Amino acid sequence: MIYEKIENYLGELCKYLIPIKHEYYLGRGSTIAICTLSSIKLLSEISNDTKFMDNIAIVGRLLSENRGIDKIIQYCITNRNLVHLVVCGKDVSGHMAGDSLIALFNYGITSEGKIIAAKSPHPYLVSSYEDVQTFRNRSTIHNLIGETNFNWVKSYIERII
């Protein structure tokens with residue numbers, strides 16, 4: 001519990017010491033969400049391509065294996081037209097948020113909210129079991145973790161549009 005409080009404090013401190021302008025950008029599409037994990041340059045490249053963003057519902061980063069994933073689950077179940085979640089970019093060292101997101105999709109959560117088979121240090125969600133199941137059943141996840149080349153990611157996504 002103390003470790004989590006320290007981690008939350010350090011996370012808040014990082015927001016001020018290493019400010020990142022945006023966590024996400026909304027597009028004009030409705031069926032595809034992109035998660036660039038810790039690859040802020042990739043997030044920027046995608047969001048700056050206005051024609052590409054016409055086909056994307058949202059593009060954002062993911063830095064934590066818990067609160068960030070809870071936000072993704074809520075966004076995906078709230079936006080019923082969302083069908084594809086593309087996970088790309090460099091995973092967050094230590095937190096392994098991308099690994100946790102893929103594990104969640106593949107294996108779900110325990111009754112305590114722990115993401116099954118996640119390698120991250122605190123893979124516990126507050127999302128309900130029902131919300132997690134809705135997310136898993138309604139979405140198709142595309143695992144491109146490690147891919148940071150914008151043109152490659154764009155080409156991949158254009159094939160599923």
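The values are calculated or read from the model by the stated rules, or taken from the named source; none is laboratory data. Remember, predicted model here, so these are calculated numbers, not experimental data. Cβ placement follows ideal geometry from the backbone for every residue including glycine, while neighbour counts extend to all protein chains displayed.
Quick notes on this one:
- Top-ranked residue of the range 69-93 - restricted to ones that are under 25 Å from Ser128 (Cα atoms) and touching a His at 6+ places or on another chain (Cβ under 9 Å), ranked as surrounded by the fewest Cβ atoms within 10 Å (Cβ to Cβ): His84
- Which listed residue is farther than 22 Å from Ile34 by Cβ and either at pLDDT 95 or above or in contact with a Leu (Cβ under 6 Å, 6 or more places away or on another chain) (or both), from Ile116, Ile145: Ile116
- Some residue of the range 62-74 being charged (D, E, K, R), more than 12 Å from the chain's Cα centre (by Cα) and at pLDDT 95 or above: no
- For the range 105-161, the set of residues classified as in contact with a helix residue (DSSP H, G or I) (Cβ under 9 Å, 6 or more places away or on another chain) and of a type in the set (Lys, Arg) consists of Lys119, Arg136, Arg138, Lys154, listed by residue number.
Residues are listed down the side, and each one gets a yes or a no for (1) surrounded by 12 or more Cβ atoms within 10 Å (Cβ to Cβ); (2) touching a strand residue (DSSP E or B) at 6+ places or on another chain (Cβ under 9 Å); (3) over 21 Å from Tyr75 (Cβ atoms):
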{"site": "Pro121", "(1), (2), (3)": "yes, no, yes"}
{"site": "Ser128", "(1), (2), (3)": "yes, no, no"}
{"site": "Thr134", "(1), (2), (3)": "yes, no, no"}
{"site": "Asn143", "(1), (2), (3)": "yes, yes, no"}
{"site": "Phe150", "(1), (2), (3)": "yes, no, yes"}
{"site": "Glu158", "(1), (2), (3)": "no, no, yes"}
